[in-house]
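The values are calculated or read from the model by the stated rules, or taken from the named source; none is laboratory data. All values derive from a computational prediction rather than experimental measurement. We place every Cβ from the backbone using ideal geometry, glycine too, and count neighbours over all the protein chains shown.
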Amino acid sequence: MRFLQSLALLLTLIYTAQAQHPPGSPTPTPIPLPSPTVKIDRHRAAAAKIIGAALTSDRAYSRLAHLTDHIGNRLSGSQNLEHAIEWAVAEMKRDGLDNVRAEKVMVPHWVRGEESLEMLTPVARKLQMLGLGNSIATPADGISAEVVVVRSFAELDRLGEQVRGKIVVYNVPFTNYGATVVYRLQGASQAARYGAVAALVRSITPVSLQTPHTGAMSYDPNLPKIPVAAVTIEGAEFLQRMNDRGDHPTLRLKMEAKFLPDAESANVVAEIKGSERPDEIVLISGHFDSWDVGQGAHDDGGGCIVAWEAVRLLKELGLKPRRTIRVVLYTNEENGLRGGNAYRDAHRAEIARHIFAIESDSGVYRPEGFGLVATAPLQVRANLQEIAKLLSGIDANRIAADGGGADIGPIMLEGVVGASLDVEGSHYFDIHHTPADTLDKVNPRELALCVATMAVMAYTVADLPEPLK
Ligand SMILES: [Zn+2]
């Protein structure tokens, strides 16, 4: 089951990666759209008010500062995540939001433990590493073995049985996230297929200052499980040079990683109740969990604060939309997607009344607009493009050809139209899942622009007198 879930996660991550517009990807041919059926003139004044308020408030940044500096990173099963959930529920009640609640979700509880990687021969040297989430441990005295470095799965397949008893190192340069992350997700099982005893994966990032990047992996249930960790670009290139010179480098990998019993966690949910059609829902969201390194500032504390602050601002401004706007801070996106699945299961009866769902999980950099799922009805696309004109003053009016998100993925599969908040993400993967995802990487003005973009879109869609489609 976990393998299938991870595949679903991978597919949704690829949506996000596509929305990042990797350099060199061709500009899609514009689809001819019908005329919009929504009128935005009546929403101009509210949009201006929202943008002005977002850009003159420091609430989003100060809340993100509390979350990152005082609570810290928030892996599923950790005390920190549960503290964050309790804090958000209490603060949302203080904000005067409607129906504030924590919806219980049982989550996997993986713990890293102590871990290390050292070269034994031809030189003794410590290497930077981070175990991959869901990995098993090594024996207590580690795994010591010779290294084989490959640049692709194809190269691994060519070597085949030659990797038996060895540590396979994947030295695969970053092209875009979707194309490269398969080595993190499947590298261990592919190496185990040929008898490798452990695997190391070059971090999924375009740049590095000796920074290892963690992230989820999954085991093929039909193959032996071997421990797997990320190494830095510098480490992978060092091992490649040793390999290519015929130095036969040997490494010792030590990891204590393990699963504890599932832990109780929750999705945090709060609303502004609609004034005319309260049973119709516009959902805005991020994920509250993070990896256990850094502060989870861009991924995804920022995304959560953007969704939360969007509704708080509307409340402060006294803007009451016709439909309900619901903010969801999902638990366990990073290593299980249990929050997104639990939301779908708990809200099955009202899924069809979710008229739009937005997820912010690409970092809180300068917003460019939204990535709308490619399968969205053309009339919805035309109408959202029209509504996005309200954001042209802050240059966030683009509706990209595709998008979505991991946590809204389960309800999108049930037919809900989904979108990602798209940002200028060229530096997101520099720090993604690393000890360097910290508050200092967040620009307060860019964060405020994200709040404005999310709030204007959510409010306008929720307040339309006419249907979105
Ligand atoms: Zn994330």
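At a glance:
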item	result
Residues located in region 307-347, provided they are of a type in the set (A, V, I, L, M) and either closer than 21 Å to Ala84 by Cα or in a loop (DSSP other than H, G, I, E, B) (or both)	Ala307, Ala310, Val311, Leu313, Leu317, Leu319, Val327, Val328, Leu329, Leu337, Ala342
Out of Ile358, Ile394, sole residue that is among the β-branched types (Val, Ile, Thr) and more than 16 Å from the ligand (Cβ to nearest atom)	Ile394
Test result for Ser420, at pLDDT 95 or above, polar (S, T, N, Q) and within 21 Å of the chain's Cα centre (by Cα)	yes
Candidates Ala137, Ala124, Ala154, Ala145, filtered to the one that is at pLDDT 95 or above and out of contact with any strand residue (DSSP E or B) (no Cβ under 8 Å at 6 or more places or on another chain)	Ala154
Some residue of region 289-304 being more than 17 Å from the chain's Cα centre (by Cα) and at pLDDT 95 or above	no
Within region 143-172, considering residues that are touching a helix residue (DSSP H, G or I) at 6+ places or on another chain (Cβ under 7 Å) and part of a helix (DSSP H, G or I), the one farthest from Glu237 (Cα to Cα)	Val163
Selection from region 330-343 of residues that are among the aliphatic types (A, V, I, L, M) and within 12 Å of the ligand (Cβ to nearest atom)	Leu337
Filtered residues of region 44-71 (kept if surrounded by fewer than 19 Cβ atoms within 10 Å (Cβ to Cβ) and either basic (Lys, Arg) or within 27 Å of Glu264 (Cβ to Cβ) (or both))	Arg44, Lys49, Arg59, His66, Asp69, His70
Some residue of region 368-375 being aromatic (Phe, Trp, Tyr), away from the ligand (no atom under 16 Å from the Cβ) and more than 30 Å from Val111 (Cβ to Cβ)	yes
Near pairs, Cβ below 6 angstrom, 6+ apart or cross-chain, from region 289-311 (at positive phi and more than 10 Å from the ligand (Cβ to nearest atom)) to any residue that is hydroxyl-bearing (Ser, Thr, Tyr) and not in a helix (DSSP H, G or I)	Gly294/Thr434; Gly294/Thr438
Among residues of region 32-74, those that are closer than 16 Å to Asp299 by Cα, in contact with a Gly (Cβ under 8 Å, 6 or more places away or on another chain) and among the aliphatic types (A, V, I, L, M), counted	2
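Per-residue answers, yes or no, for (1) in contact with a Lys or Arg (Cβ under 7 Å, 6 or more places away or on another chain); (2) not in a loop (DSSP other than H, G, I, E, B):
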site	(1), (2)
Gly405	no, no
Glu414	yes, no
Ser420	no, yes
Thr434	no, no
Cys450	no, yes
